[in-house]
Amino acid sequence: MPLLAKLILATGAMSLLCLLLLHFLSPEYDPSWRMISEYAMGKYKTLLTAFFVLSAVCTMMLPVLLWNETAGIWPKVGLVLIFLSGVGSLMGGLFDLKHPLHGTAFALGVPTIMVGALLVSYHLVKQPDWGQYSTGALLSAHAIWISLVLMGISMAVMMNGFKHAGVPMGPGATPPDTVPPGVVAVAGYFNRLLVICNITWIMIMAYFYLMLRVLYK
């Protein structure tokens, strides 16, 4: 199991590295308002797919790592939700922005980890050995839903701004090349923050497991 924890840390770090590289390789996609999934329309779709697949593997391995660390129905439900989040991330890599299943991938991948992280974290920090990591586990778990709310609010504000600026919205509409004056467009930052919070929580939990089961033994 320590090897599994190390694999989670490695794949999580590699997925974040892929995301970072996309910002340098595709600077035409302004990170302030363009979504991560839009990189699929650029020259480095393979790198975006690698990001999604690595984050999916990282996410789906965590429930396996923590299964024997939990007891009771709700913590197990939380682990299943986290696994489903990994499935959603995998779908995000297989079905790009133009695919009809891409929205399903988001719906499957994002809310599940938000709920799963809270269920698992609150359960584990009640255990004697995990209790010392309560601050890191809970703060990182809450950061997921907070970043999701911020992304939702910023998306609503941006879309409303585009609408009032006369920019076509809705299915099939082509994204504008620039942000019209007066439009508050920061949703892209919160989109990236959400992804970073998701992966960071997973890596933190794997690290805490390593600390407890290897370094403190």
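The values are calculated or read from the model by the stated rules, or taken from the named source; none is laboratory data. As the structure is a prediction and not an experimental result, all values here were calculated from the model. Note: ideal-geometry Cβ built from the backbone for every residue, glycine included; neighbour counts use all protein chains shown.
A few comments on the model shown:
- Check on residue 137, touching a Phe, Trp or Tyr at 6+ places or on another chain (Cβ under 6 Å) and either modelled with pLDDT under 95 or crowded, with 16+ Cβ neighbours inside 10 Å (or both): no
- Index of the failed condition, residue 174 passing every other in (1) of a type outside the set (D, E, K, R); (2) closer than 25 Å to residue 52 by Cα; (3) out of contact with any helix residue (DSSP H, G or I) (no Cβ under 9 Å at 6 or more places or on another chain); (4) surrounded by 17 or more Cβ atoms within 10 Å (Cβ to Cβ): (4)
- Matching residues in the stretch 33-71 - criterion: being out of contact with any Pro (no Cβ under 8 Å at 6 or more places or on another chain) and not in a helix (DSSP H, G or I): 33, 35, 42, 43, 44, 70, 71
- Test: residue in the stretch 32-46 that is touching a residue at least 24 places away in the same chain (Cβ under 8 Å) and either closer than 24 Å to residue 131 by Cα or aromatic (Phe, Trp, Tyr) (or both): yes
- Identity of the residue in the stretch 1-20, in a helix (DSSP H, G or I) and more than 17 Å from the chain's Cα centre (by Cα), that ends up modelled with the lowest pLDDT: 2
- In the stretch 79-105, the residues that are more than 13 Å from residue 57 (Cα to Cα) and touching a residue at least 60 places away in the same chain (Cβ under 8 Å) reach residues that are hydrophobic (A, V, I, L, M, F, W, C) and part of a helix (DSSP H, G or I) with C-beta atoms within less than 8 angstrom, at least six apart or across chains, in these pairs: 97/40; 97/41; 102/91.
- Residues satisfying the stated conditions in the stretch 72-112, i.e. surrounded by fewer than 19 Cβ atoms within 10 Å (Cβ to Cβ) and either outside any helix (DSSP H, G or I) or polar (S, T, N, Q) (or both): 72, 95, 97, 98, 99, 100, 101, 104
- Residue within the stretch 113-125 that is of a type in the set (S, T, N, Q), in contact (Cβ under 8 Å) with a residue 60 or more places away in the chain and at negative phi present: yes
- Matching option when the condition is small (Gly, Ala, Ser) and modelled with pLDDT of 95 or more, among 187, 206: 206
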